[in-house]
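The values are calculated or read from the model by the stated rules, or taken from the named source; none is laboratory data. This structure is a prediction, so every number in the text was calculated from the model and none was measured. Every residue, glycine as well, gets a Cβ built from its backbone with ideal geometry; the counts of neighbours run over all protein chains shown.
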Amino acid sequence: MVKSMVNVTYTWDKESISANGSEQVNLLIEWGHGAIRKRKGTLMPKTVGCDLQLRFIPESGVNLLKVDGARLNFNRSEDGEYMLVHCGDMRRGKYKQAILSFSIPAHSSGRHIIGLMEWSWRKPTQEKRTLIRTDQLYIHYTHHLGLLSIPINPKVEKYIKLNETAPIVKKALRMYEKGEHERGAFVLTRQADELLIRAARTEDMEYLEEAELLFAVRNKWNGTFGLFQTYSSKVFVNKGISVEDVRFTEINILK
């Protein structure tokens, strides 16, 4: 297998899936080149590869349902034999993430391959596309209830939850623009409250930061769009946050 030029990690949301198959299983992919860039300088990181593409060649019955990630899109070949994910240019020290969702058919218990991942790019000064890495993708099938009851991987769960913010904000903005201020505020508040609950349970401050951002957006738009109703979710939290500190807003505005 070709393994060079790009660093890639694959993380399933569940360590094992039912041998009866799964309608949706999620895979977190993280990729980049070189050491992670920590300092935010004024110079743009060097481009090491252009038009990075991930070509997924599935085993029989496996289907790539969707791809969630910043500025990513995918399409299927006309014969359906592979799916192509367009990942953009790659810069030194910059890493990206995406969630790939699959439907997977039934299989006998054990660790089995579900497809092949092929990564390719173009050098900045070249037009020719080069294969830079290939990986076989495996998953574990089981009938063991203990293995199937293992909670979702927290890292994958967090990426999925935080990735919901952008479309929710867009949805709320459309409501505000239509004059449905209360509905828009409710959508933002509900998502922020869910993030606060997760922050309390996991002590993960990224959930808290995302919740505070949503509250700030809601409060800003309440003023901008002329919504004067008072909300009770102006929350002050610190690193000692607990479940008892978090309460959902007691306003049912979607009656």
For this session: Check E212, E182, E203 and return the single one that is outside the structural domain of E30 (by TED's automatic domain parsing) and either within 25 Å of S101 (Cβ to Cβ) or without any contact (Cβ under 8 Å) to a residue 24 or more places away in the chain (or both).
Result: E212
For this session: Would you check if there is a residue in the stretch 124-145 being surrounded by 15 or more Cβ atoms within 10 Å (Cβ to Cβ) and of a type in the set (S, T, N, Q)?
Result: yes
For this session: Could you run through the stretch 192-241 and say how many residues are modelled with pLDDT of 50 or more and part of a loop (DSSP other than H, G, I, E, B)?
Result: 4
For this session: Would you check which residues across the stretch 148-162 are buried (at least 16 other Cβ atoms within 10 Å of the Cβ) and either over 25 Å from A199 (Cβ atoms) or of a type in the set (D, E, K, R) (or both) and list them?
Result: E157, K158, K161
Problem set entry | Residue count, the stretch 53-79 (criterion: at pLDDT 80 or above, of a type in the set (D, E, K, R) and either part of a loop (DSSP other than H, G, I, E, B) or surrounded by 19 or more Cβ atoms within 10 Å (Cβ to Cβ) (or both)) | 1
